[in-house]
Amino acid sequence: MTRLAQTADLTDIQQEILSTVRTFVDKEIIPTAQELEHADAYPQEIVDGLKELGIFGLTIPEEYGGLGESLLTYALVVEEIARGWMSVSGVINTHFIVAYMILQHGTAEQKERFLPRMATGEVRGAFSMSEPGLGSDVAGIRTRARRDGDGYVIDGQKMWLTNGGSSTLVAALVRTDEGAEKAHQNLTTFLVEKPAGFGEVVPGLTIPGKIDKMGYKGVDTTELVFDGFRIGADAVLGGVPGKGFAQMMDGVEVGRVNVAARACGISIRAFELAIAYAQQRETFGKPIAQHQAIAFQLAEMATKVEAAHAMMVRAARLKDAGERNDVEAGMAKLLASEYCAEVTTQSFRIHGGYGYSKEYEIERLMREAPFLLIGEGTSEIQKTIISRGLLKEYALKR
């Protein structure tokens, strides 16, 4: 246990969970991450280990077979896992968001049907909102579900689906004809069940092969294509169409805390690698850590890690308290992701030429950190959310 990124006022259970996860990361993830990442191989043994630890049901209430832990606990677990390998945290992130959305917005039948199996990892969740050419304009979604008898028929194409091939339950946001004047009130979330795999997994639903990415390897990122896909009305999240935008935004809000936690985890690992290397590498007769130029960089990196961690914890605790945290989650995601890119780059520079070699872990982190600048909304989107919230809070009285 080191002094960086410590969290005050944790319960004994939270501390025990984090200690268990940290040990798992050190023994099972870090030693194998490089090989699996370079091969773009799915970390099945690691995922099986997370199932045994109960991580897939970490935030699902005990009545549904989960551990009933808080968003803060989950975020701290994600931070630990991302410290080992960010892709592993991606395996559980979309699962967590879908479970959260069902818990908060699902019907009683949907909760009973899915949450117990999600708690064990038998059912694995994926989250589908984006589309080709859509970007951040969620209200511009084109994938459409039209009424047909007692169900719907869906046509369209979704994009950037994390766990697209390995998941068995997808929360997909599509357009329905509700007759509302505001575009976002014509969006509906469907709970789409499917088998794991690629190709046409069920009639009318195709999961093409994995998208080849710069980083974030191992976890499968795919498209999702609907072509005359039939689904029952009971698959509408919450049972009422037209509520999908609010449901998804609620999920994205906790997702931003998750991305901030991932950024903190990568930053911590980048700092660990840098401070270790700086004490081993010698120039001009002494370790480079004793050169002021390097020592100052280490000081800056550690300060950024602490600041990002503190902001992430505050955003998680606000959400756990039932308070609105869109501004705080946006701030946490913005700061943590930007600092992650900076800390990783500083660590890369400290490694010198060796940092450019695939034999060194920092090379992988350099390819993973940029993803966090765009995942769950770009930095520019976070600034939009933050500024709108602040202008509303500090509006002048006229």
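Scanning segment 117-144 for residues that are free of Cβ contacts under 8 Å to residues at least 40 places away in the same chain, under 30 Å from Glu62 (Cα atoms) and buried (at least 20 other Cβ atoms within 10 Å of the Cβ) yields a count of 0.
Filter segment 94-116 for residues that are in contact with a strand residue (DSSP E or B) (Cβ under 7 Å, 6 or more places away or on another chain) and buried (at least 21 other Cβ atoms within 10 Å of the Cβ); which is modelled with the lowest pLDDT? That would be Thr94. From the list Val225, Val257, Val252, the one residue that fits, being open to solvent by 30 Å² or more (accessible area, probe 1.4 Å), of a type in the set (Val, Ile, Thr), at negative phi and touching a residue at least 40 places away in the same chain (Cβ under 8 Å), is Val225. Restricting segment 40-62 to residues that are open to solvent by 30 Å² or more (accessible area, probe 1.4 Å) and without any contact (Cβ under 8 Å) to a residue 40 or more places away in the chain, the residue that is farthest from Met301 (Cα to Cα) is Glu62. Quick test for you: out of Thr107, Thr59, pick the one residue that is more than 23 Å from Thr176 (Cα to Cα) and of a type in the set (S, T, N, Q). From the options Thr107, Thr59, the qualifying one is Thr59.
If I ask for residues that are in contact (Cβ under 8 Å) with a residue 40 or more places away in the chain and open to solvent by 40 Å² or more (accessible area, probe 1.4 Å), which ones from segment 303-318 would you list? Correct list: Glu306, Met311, Arg317.
Every residue, every condition in (1) under 29 Å from Gly238 (Cβ atoms); (2) more than 18 Å from the chain's Cα centre (by Cα); (3) not aliphatic (A, V, I, L, M); (4) not in a loop (DSSP other than H, G, I, E, B), yes or no:
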| site | (1), (2), (3), (4) |
| --- | --- |
| Ile30 | no, yes, no, yes |
| Asp48 | no, yes, yes, yes |
| Glu52 | no, yes, yes, yes |
| Ile81 | no, no, no, yes |
| His95 | yes, no, yes, yes |
| Arg117 | yes, yes, yes, yes |
| Ser130 | yes, no, yes, no |
| Gly133 | yes, yes, yes, no |
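For segment 343-365, name all the residues that are without any contact (Cβ under 8 Å) to a residue 40 or more places away in the chain and more than 19 Å from Gln280 (Cβ to Cβ). Residue satisfying the conditions is Thr345 alone.
Checked against (1) of a type outside the set (Asp, Glu); (2) on the phi < 0 side of the Ramachandran plot; (3) touching a helix residue (DSSP H, G or I) at 6+ places or on another chain (Cβ under 7 Å), Leu205 meets all criteria but (3). Only a single criterion out of (1) crowded, with 22+ Cβ neighbours inside 10 Å; (2) touching a Lys or Arg at 6+ places or on another chain (Cβ under 7 Å) is not satisfied by Val88, namely (2).
Leu187 versus (1) under 16 Å from Ala126 (Cα atoms); (2) surrounded by 22 or more Cβ atoms within 10 Å (Cβ to Cβ): which is the lone unmet condition? Unmet for Leu187, out of (1) under 16 Å from Ala126 (Cα atoms); (2) surrounded by 22 or more Cβ atoms within 10 Å (Cβ to Cβ): (1). Residues in segment 145-177 that are closer than 30 Å to Asp212 by Cα, without any contact (Cβ under 8 Å) to a residue 60 or more places away in the chain and either open to solvent by 40 Å² or more (accessible area, probe 1.4 Å) or not in a strand (DSSP E or B) (or both): 2 in all. Considered as a group, the residues in segment 331-381 that are open to solvent by less than 50 Å² (accessible area, probe 1.4 Å) and assigned to a loop (DSSP other than H, G, I, E, B) include one that is farthest from Gly255 (Cα to Cα), and that residue is Ser357. Scanning segment 244-268 for residues that are more than 30 Å from Gly209 (Cβ to Cβ), at pLDDT 95 or above and not hydrophobic (A, V, I, L, M, F, W, C) returns a single hit, Ser267. Here is a list: Glu300, Glu328. Which entry is surrounded by fewer than 16 Cβ atoms within 10 Å (Cβ to Cβ) and either part of a helix (DSSP H, G or I) or among the small types (Gly, Ala, Ser) (or both)? The match here is Glu300.
Looking only at segment 199-211, filter to residues that are of a type outside the set (Val, Ile, Thr) and touching a residue at least 12 places away in the same chain (Cβ under 8 Å); which one of those is surrounded by the fewest Cβ atoms within 10 Å (Cβ to Cβ)?
Only one residue tops the list, namely Pro203.
The residues listed here are Thr7, Thr23; of these, the one that is in a helix (DSSP H, G or I) and either of a type outside the set (Gly, Ala, Ser) or under 30 Å from Gly355 (Cβ atoms) (or both) is Thr23.
The values are calculated or read from the model by the stated rules, or taken from the named source; none is laboratory data. Keep in mind the model is a prediction, meaning the values are calculated, not measured. Backbone-built Cβ (ideal geometry, glycine too); neighbour counts: all protein chains shown. We work out accessible area using only protein heavy atoms, side chains counted, and drop any ligands, DNA or RNA first. Shrake-Rupley method; radii C 1.70, N 1.55, O 1.52, S 1.80 Å.
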